[in-house]
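Take this structure, written in C-alpha cells, and hold onto it; I'll ask about it next.
All of the numbers you see were taken from the coordinates with simple rules; none came from a lab. These numbers come from a predicted model, not from an experiment. We place every Cβ from the backbone using ideal geometry, glycine too, and count neighbours over all the protein chains shown.
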C-alpha cells in the first residue's frame with residue numbers, strides 16, 4: 001500500500017519522537033538530543049579560548065567545505081543565566097553547519113560567579129573573537145550574526161542593540177549582519193522568575209538592563225521566533241512587543257510564532273529528530289540568506 005507524503009511525514013515525526021522519549025529515559029534531554037542528531041559532515045573544533053578563564057571557551061561547527069562568504073552565527077544558549085554549557089548544544093551547531101553556516105557556540109560566566117552585566121561582557125568578547133578569527137575556520141566575518149535561545153536570546157539582543165558591549169571590544173553593532181532571538185526575554189521588569197531575581201539584583205534592577213530600552217539607534221535586521229504556548233517567557237509582551245517597537249523605528253523585523261512547540265522544545269526543534277515540530281531551522285536559514293552581505297571574496 002502506498003502511503004501519502006503527508007502521512008509519511010506524520011509517521012516520521014511520531015517515530016522520531018518515540019526515539020527521543022526512549023532516549024530521555026536513559027539520560028538527560030540535551031544529551032539524548034545530541035546523541036540522536038547526526039553530525040551531517042560538520043567539522044567540530046572544540047575548547048578554543050576566547051578570553052582568560054575556564055568558562056571563556058567556545059566550539060566551532062563548520063561545513064566540511066564552507067562556500068566562499070559562508071555566513072557565521074554565534075549562538076548563546078539559555079538557562080536562567082545560572083546553568084548550561086556549550087557541549088549540550090552540539091545539535092544546534094550541527095544543524096546550522098548542515099545549512100552551510102559556520103556556527104560558534106561559546107560558554108559564558110554564570111550566576112553566582114557573576115551577575116548582570118558581566119555575562120554580557122563575555123558575550124561581546126566571544127563575538128569580537130569570532131569577528132577577528134573566524135576567517136581561519138572558513139567563515140566570512142562580514143556575514144556575522146548573533147543568535148540565542150531564552151536567556152541566550154537576551155544576551156544576543158543586548159549585544160546587537162546596546163552598543164556598550166561591543167564598544168568595549170572596539171567594535172560596533174553594525175559590524176553584525178543581523179540577530180536572531182528564540183523565545184527571548186526582552187522586557188521583563190518587574191522580574192517574576194525567582195531564578196533571575198538575584199542575577200539582576202531585583203528589585204534594584206536598572207532599566208538599562210532591558211533590551212527594549214536600547215532601540216533608538218537600532219538598524220540591524222532581526223528574526224524573532226517564539227512559541228505561542230510559551231509559559232515561561234510571555235511571547236506577546238516580549239517577542240511581540242519588541243517587534244512592534246523595532247518596526248516603529250523602521251527596523252526590518254521578521255516575526256514568527258509556532259503552535260507545535262513550547263519554550264524548551266522551540267530550540268529542540270533545530271535537532272534532526274525534532275524538526276517536524278516546527279520549521280525553526282528553515283526560518284533561521286532563510287533569514288541568514290536574506291541578510292548575508294557581499295563578502296570580500298565577492299568584491300566587498
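Once every DSSP H run of n ≥ 4 in the chain is given -39500 (n - 2.57) and the sum is divided by its residues, what mean residue ellipticity at 222 nm do you get, rounded to the nearest 500 deg cm²/dmol? Don't skip to the end; give the middle numbers.
Working: 9 runs with 92 residues, N = 300.
Value at 222 nm, helices only: -9000 deg cm²/dmol.
While we're looking at this one, here's another question. Which whole-angstrom value gives the distance between the alpha carbon centres of segment 199-253 and segment 132-189?
Distance between centres, Cα-based: 14 Å.
Quote to one decimal, in nm, the extra length available between residue 289 and residue 262 on full extension: 0.36 nm per residue of separation minus the C-alpha distance between them. Before the final figure, lay out each step's value.
Numbers: separation 27, 0.36 × 27 = 9.72 nm, distance 2.62 nm.
Length gained between residue 289 and residue 262: 7.1 nm.
Additional query: Figure the gain on full extension for residue 65 and residue 39 (residue separation times 0.36 nm, minus the Cα-Cα span) and round it to one decimal in nm. Write down the numbers at each step before the final one.
Numbers: separation 26, 0.36 × 26 = 9.36 nm, distance 1.40 nm.
Taking residue 65 through residue 39 to full extension adds about 8.0 nm, to one decimal.
Determine the shape class of the chain: with a ≥ b ≥ c the square roots of the Cα gyration tensor eigenvalues, call it rounded for a/c under 1.5, and otherwise prolate if a/b is greater than b/c, oblate otherwise.
Since a/c stays below 1.5, the shape of the chain is classed as rounded.
At residue 208 and residue 168, where each label point lies 7 Å from the Cα along Cα→Cβ, what is the point-to-point distance in nanometres?
Computed distance between label sites residue 208 and residue 168 equals 1.1 nm.
Then there is this: Please work out how much length the chain gains when fully extended from residue 232 to residue 251, using 0.36 nm per residue of separation minus the C-alpha to C-alpha distance, in nm with one decimal. Write out the running numbers ahead of the final one.
Working: separation 19, 0.36 × 19 = 6.84 nm, distance 2.67 nm.
Taking residue 232 through residue 251 to full extension adds about 4.2 nm, to one decimal.
So, one more: Would you mind calculating the relative contact order of the chain from Cα pairs under 8 angstrom and at least 6 residues apart, reporting the percent as a whole number? Mind dumping the intermediate values first?
Details: 598 pairs, mean separation 53.5, N = 300.
Relative contact order here is 18 percent.
Given R₀ = 22 Å, what would the calculated FRET efficiency be for residue 132 paired with residue 219, taking r from the Cβ atoms and rounding to 0.05? Before the final figure, lay out the partial values.
Details: r = 22 Å, r/R0 = 1.01.
So, using R0 = 22 Å, E works out to roughly 0.50.
Highest mean first, how do 71-78, 237-244, 194-201, 156-163 rank when packing is the count of other Cβ atoms within 10 Å averaged over residues?
Result, highest mean first: 71-78, 156-163, 237-244, 194-201.
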